[in-house]
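Structure first, commentary second.
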Amino acid sequence: MNENAHQLWLIPALPLAGALINGVVGQMRDRAAHAAAHGHGHGHGHSHSHSHSQGHDHGGHDSHAKPDPLVSMVSIGSVLLAFLWVSKTLIALGDLNTAYVERYFTWIASGSLNVGFDLAIDRLSAVMLLVVTGIGTLIHIYATGYMSHEKGYYRFFCYLNLFMFFMLILVLGANYLLLFIGWEGVGLCSYLLIGFYFLKKSAGDAGKKAFIVNRVGDFGFALAMLLIFIHFGSLDFGAVLPKASGVDTGILTAIGLLLLVGACGKSAQVPLYVWLPDAMEGPTPVSALIHAATMVTAGVYMVARSFPIYEGAPMAREAVALIGLATAVMAATIGLAQNDIKKVFAYSTVSQLGFMFLGLGVGAYGAGIYHVVTHAFFKALLFLGAGSVIHALGGEQDIRNMGGLRTKIPWTFATLFIAAFAIAGFPGLSGYYSKHEILLAAHHHAHWMYWVGTITAGITSFYVFRCIFLTFFGEYRGKAHPHESPAVMLIPLILLAGLSIAGGFLGIPHWLEPFFPKMAEGHDAMAGNITTLVGLGGIVLAYLFYVVSPGIPEGIANSLRGLYNLIDNKYYVDEAYDSAIVHPLEHGSRIVLWRGVDAGFIDGIVNGMGGVSRSIGGALRTLQSGNIRSYANWVVLGAVIFLVMLGAAGGAR
Amino acid sequence: MILNTILFLPLLGFLMLLFMHQRIARQFALWFSLGIFVSSLSLIWPVLANPGDMSFVTNTIWVAYPEIRFHIGLDGLSLWLVILTTLLTPLAILVSWKYIRDRVTLYYGYLLLLEFGLIGVFVSLDMFLFYVFWEVCLVPMYFLIGIWGHDRRIYAAVKFFLYTMAGSVLMLAAIIWLYLKTGTFDYFAILNQIRSGQVAISPLEQTLMFLAFFFSFAIKVPLFPLHTWLPDAHVEAPTAGSVMLASVMLKMGTYGLVRFCLPLFPEAARANANWIAGLAIVGIIYGALVAMVQPNMKKLVAYSSVSHLGFVVLGIFSFNQQGLDGAVYQMLNHGISTGALFMLVGYLYERQHSLEIKDYGGVATPAPILTTIFVITTLASIGLPTLNNFIGEYLVLQGAAQANFGWAVGAAVGVILSACYMLWMVQRTFYGETPDSVAHHVTDIGKREFIAIAPLLVLMVWMGMYSQSFLPAVSASNAKILEQTKVQATRSVPAEVANAR
């Protein structure tokens, strides 16, 4: 077999080409269309009317805008082709018992450091590739419907394709630095897409927050890479990971913890999760693709990829589990009090990512990745369904203004209902299997983790169904005229619903089993049953509270006012960060560093020599020969002093 | 001979411009400097073939007594800096095209004179010659700021002049002292005498001379806390002045550190590495924090330069291949991305006549392409992988980590902060609703403006994706310099022997 026989580079290159075409050709066609629509207006094609609607998700509504079919075709086509190329390659590669690597060119070489632009597929990345390109295709299709009335249609798909490119580099990269390219690149696209409605300040703020919080995480990731190179002499997975068992535990712990810092940023874990709820400012397909199904699971992927390091660093692994558990609990409780349909699902994403980290931390790497996959199915569906609801209601996102939509948008309801059952861990649906694997492994690791996790799972099913019941049951409380979404949006919903049901039977755990270290056997049947029952209990409770007797939740909220306020205000974490970090940094920089040190102290000294400098300045101002003379005087004077000093030094020898 | 021609052509251009008619001055300057750029490309391949040694060497006597030699040459370290200079000069002329209406011949003449000085600095292999070119650079920049600058231009120009002069004085003294010791100004002759122990230099002498050179270079870099001339100079300078200052002139300092300070005084350089790296790290963080609160775009970019150049100094004083390679690569990267940023800020200024961020907002709506280019440049500047700065920053961090992991931790904080100040500026300037004043004045990028910045955009991607075009030559030169900085344990012995004799 000749080298690079499978042309892996095509997989990321296809969406990149899509992004370039959309960015250049799409923009030109957009301008031409605008010019045509506005007559020959001397090139001022952007005489925009300030009529962007309600300020909700649908931001730059433009009645003139018609989706450019070329853009739709290029964006869907490029991702679909990537999916097909992935499928074809995986079939050809067969069982992938060892990683398949293709090497292209040297990216950075300096001394003993040599980082190649190398792509690789193994069993882990195969799963990720299918999820990214498969779900990606569905969401692209959906988005052509969802975004069809938006200004900047080409720009949206340019960014979205660019995101696919970086995400695929992230998954395919055969070394840490290449993974880091993808890592930063998806962060960039996330920034651009959160801020897609850039006329809104809140969107710009949210994008910036996401980028900066992620940078804090990247700080850890970068330091981890530096340590890896120092102690392993390479950044290639193939060279680093097999050698991990021979490296000092302290070093591995440091690397593991630093990688975890990076993962906490990208995968929105405590204490860096704060950007993800705000990221819902982006259009809903973005929330589904980037902030639920793919990018935010990059941290899980990275930790799972580095499992040999964590196997040698029990303390770091324990930290992964603890962070995951803390995140799951915290986000789930916040989810109880949210009224924005997208925010509910955002906190549930944070919480589910916490479950994945819990799985990794207790050594069930396969279960963690399994949950990545099933979560991608049902959470993408939840978001796309939410998008369909928002679309139906003309931009409404508050579930208090919904209700009774079951009959008005039946397809959306049916698919969302399935997704809700899947995330609640209803037996037989995809979420059931992956979540159970994680919780049972937690049970094996430490009983208390199991119990906390199980109760959190109960809370999850409660608040997700709270949202579903408030949206679809009871009487309609809003003023809009709900209408079902077009087929281009419904078909992806239906396909994802199928995957949410069948996700447990795709053989993913079996496929991943040889890749990760073996777990000790001995699953506790009792524990499994309790988890199932608690999950169902959450659904029943939500039904009682929000369908049967809707007065109960209000009463509880009133009787536990203090606790409710705490949760309602998201534990005041944003406020704490603002007053503890952001403000001191800003004021300190302005008052102490800039005005104090720079303008006051240093320039004070410089200007203090002003007696002399002013006279020279005066001479210079006249631009006459005087300056030359005084300059020469300075040169000579300084030189003489220095020569005397040197002479003294030389003589003292 | 080619190198001589390329060195002296800008001087010829300067002289010709002095006698030229106003109307054709800018046309002439543009085409002349483009010609220089194109011919400078022919320097690349011979140097790449043998980047560790000097190519295109000319070595003749310039002044008979004291013997000052006209000794120039080009290796992998200086090659890209020369190309950067010849590339940036026509671009700087292009961005001045409409803005400069006053004393046009003189203005373009000074730009060419500056090019002459800069190339001279990077190719000189005689210490006195180096000093002469160092001072030659000072003059045109002083006038560019002082004549064509903004309101407080005189203050800024004088501050620039005084700061730099304070450093040059010490450097000149050290050069003279070296001459008195060795009887020559020739760099390689001095180096050989020191390395072979033919000339005895006490540790204290070495430290003093190192500090003299270092101080002079550090002001130029500028290294914290010697940086306060830079924000003023940038704010007051015309766009082209800022571009040349940031892109090329600041590199004179870091180039001097690598070329002269390290090989000539290796023990002193190593002995002083700790506090210098400390200042570099303070500068990285300090520059970023102060940049974060700047209301003025040019000041913001100027302080970001303090931060970025801190990386370069840190890499140099890591004393290993990755650190040094990263530092030199970062010099080029900074030249390209910060040069581009100053151009773009200049474009905005020509439209809105303000450098205050608060006078902007919503620029993306009337000027989408300008915005896209600005954002790409910003991303390059904050070290996004696939763009150029990332490779430099990563190598510096890797080198620093090997020298002292704590250094890397400190420097990496700067990477977080750079995202804060840059994205803050982008958001305030380009996003949000468009106020009427912006909608009336700000138009999208013009053809000439696009042509001026396009080469830099291409280089951002090229240098970020395929560093193999540039880095190996740099690496080879650096390897040689590192070899020269190896402290030889045996060296003090022959020195004593020589003394005894």
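The values are calculated or read from the model by the stated rules, or taken from the named source; none is laboratory data. Just so we're clear, the structure is a prediction, and the values are computed from it rather than from any experiment. Counting neighbours? That spans all protein chains shown, and the Cβs are built from the backbone with ideal geometry, glycine included. Ligands, DNA and RNA are excluded from the accessible area calculation, which covers all protein heavy atoms including side chains. Shrake-Rupley method; radii C 1.70, N 1.55, O 1.52, S 1.80 Å.
Divide by every residue of chain B the summed helix terms, -39500 (n - 2.57) for each DSSP H run of at least 4, and state the resulting mean residue ellipticity at 222 nm, rounded to the nearest 500 deg cm²/dmol.
It comes out at -24500 deg cm²/dmol, rounded to the nearest 500.
I'd like the orientation of helix B:405-430 relative to chain B: the angle between its Cα long axis and the longest Cα principal axis, in ° from 0 to 90, rounded to 10.
Taking the Cα atoms of chain B, the angle to B:405-430 is about 20 degrees.
So if I take the centroid of the Cα atoms in segment B:69-139 and the same for segment A:493-519, what is the distance between those two points in Å?
Comparing the Cα centres of segment B:69-139 and segment A:493-519, I get a distance of 63 Å.
Per residue Cα convex hull volume for chain B, in cubic angstrom?
With only Cα atoms used, chain B gives 128 Å³ per residue.
Considering all projection directions equally, how large on average is the shadow of the alpha-carbon convex hull of segment A:489-553, in square nanometres?
Computed as one quarter of the Cα hull surface, the answer is 8.1 nm².
Give the angle, between 0 and 90 degrees and rounded to the nearest 10, that separates the Cα long axis of helix A:249-266 from the longest principal axis of the Cα atoms of chain A.
The angle comes out at about 70 degrees.
Running Debye on segment B:397-476 with equal point scatterers at the Cα sites and no solvent, what base-10 log of I(q)/I(0) appears at q = 0.12, 0.20 Å⁻¹?
-0.69, -1.11
If the cut-off is a Cα-Cα distance under 18 Å, which lysines reach A:K408, setting aside same-chain residues fewer than 8 apart in sequence?
Here the lysines satisfying the reach criterion relative to A:K408 are A:K479.
Determine, at each q value in 0.17, 0.18, 0.27, 0.29 (inverse angstroms), the log₁₀ of I(q)/I(0) that the Debye formula gives when each Cα of segment A:564-604 is one equal point scatterer.
For the requested q values the scattering log ratios are -0.55, -0.58, -0.80, -0.84.
How many partner chain Cβ atoms sit within 10 Å of a residue's Cβ in peptide B:164-173, on average, as a whole number?
Averaged over the peptide's residues, the number is 5.
Tell me, rounded to the nearest percent, the portion of alpha carbon pairs in chain A spaced more than 33 Å apart.
Across chain A, Cα pairs with separations above 33 Å total 51 percent.
Which order do you get for B:D102, B:D444 if you rank them by accessible area with a 1.4 Å probe, largest at the top?
B:D102, B:D444
Tell me which chymotrypsin sites (Phe, Trp or Tyr not before Pro) from segment B:397-486 have a DSSP coil assignment and no more than 11 other beta carbons within 10 Å of their own.
Filter output for segment B:397-486: empty list.
From the Cα trace of segment A:471-589, what convex hull volume per residue do you get, rounded to a whole Å³?
Per residue, the Cα convex hull of segment A:471-589 comes to 336 Å³.
For segment B:1-271, what are the per-bin percents of Cα-Cα distances with bins 10 Å wide, up to the bin holding the maximum?
Percent of Cα pairs in each bin: 7, 30, 34, 22, 6, 1.
Could you list the square roots of 5 times each eigenvalue of the Cα gyration tensor of segment A:325-453, that is, the equivalent ellipsoid semi-axes, sorted largest first and rounded to whole Å?
With the √(5λ) rule applied to segment A:325-453, the semi-axes are 29, 15, 11 Å.
For segment B:273-469, take the alpha-carbon Rg, divide it by the Kirkwood Rh, and send me Rg/Rh.
Here Rg/Rh amounts to 1.01.
Compute the angle between helix B:471-485 and the longest alpha-carbon principal axis of chain B, please, reported from 0 to 90 degrees and rounded to the nearest 10.
40
Could you tell me the largest-minus-smallest coordinate of the C-alpha atoms of segment B:1-130 on each of the three principal axes, in descending order and whole angstroms?
Projected onto the principal axes, the Cα atoms of segment B:1-130 cover 44, 36, 18 Å.
Just order B:45-56, A:77-88, A:551-562, B:301-312 by mean Cβ neighbour count inside 10 Å, highest at the front, would you?
B:301-312, A:77-88, B:45-56, A:551-562
Per residue of A:103-115, what is the mean number of Cβ atoms on other protein chains within 10 angstrom of that residue's Cβ?
What the average comes to for A:103-115 is 6.
Hey, if we sort A:I605, A:I11 by accessible area with the 1.4 Å probe, largest down, what's the order?
A:I605, A:I11
Looking at the calculated P(r) for the protein assembly as shown, what percent of the C-alpha pair distances fall above 51 Å?
Value for the protein assembly as shown (Cα pairs over 51 Å): 29 percent.
Calculate how large, on average over all directions, the projected area of the Cα convex hull of segment B:236-289 is; give the answer in nm² to one decimal.
About 4.8 nm², averaged over all directions.
Based on the alpha carbon coordinates of segment B:74-166, what radius of gyration and maximum Cα-Cα distance (Dmax) apply, in Å?
14.2, 41
Inside 10 Å of the C-beta atoms of B:378-391, what's the mean count of C-beta atoms belonging to other chains?
The per-residue average across the peptide is 3.
Taking Cα centroids, how far is segment B:338-360 from segment A:375-398 in Å?
Spelled out, the Cα-based centre of one part sits 41 Å from the other.
With just the Cα atoms defining each centre, how far is segment A:161-220 from segment B:430-466? Give it in Å.
Taking the Cα centre of segment B:430-466 as reference, the centre of segment A:161-220 is 22 Å away.
Would you count, across chain B, every pair of lysines whose alpha carbons are under 29 angstrom apart, provided the pair is eight or more residues apart or spans two chains?
29
Would you list which aspartates and glutamates come within 12 Å of A:K200, measuring only between C-alpha atoms, while excluding same-chain residues fewer than 8 positions from it?
Cross-link targets: A:D57, A:E281, B:E433.
Roughly speaking, what % of Cα-Cα pairs in segment B:161-234 are separated by over 16 Å, rounded to a whole number?
Of all Cα-Cα pairs in segment B:161-234, 54 percent lie more than 16 Å apart.
So for segment A:317-411, averaging the separation of alpha carbon pairs under 8 Å that are six or more residues apart and normalising by length, what relative contact order in percent results?
Normalised by residue count, the contact order of segment A:317-411 is 30 percent.
Using just the alpha carbons, could you tell me how many Å³ per residue the convex hull of segment A:207-250 encloses?
84
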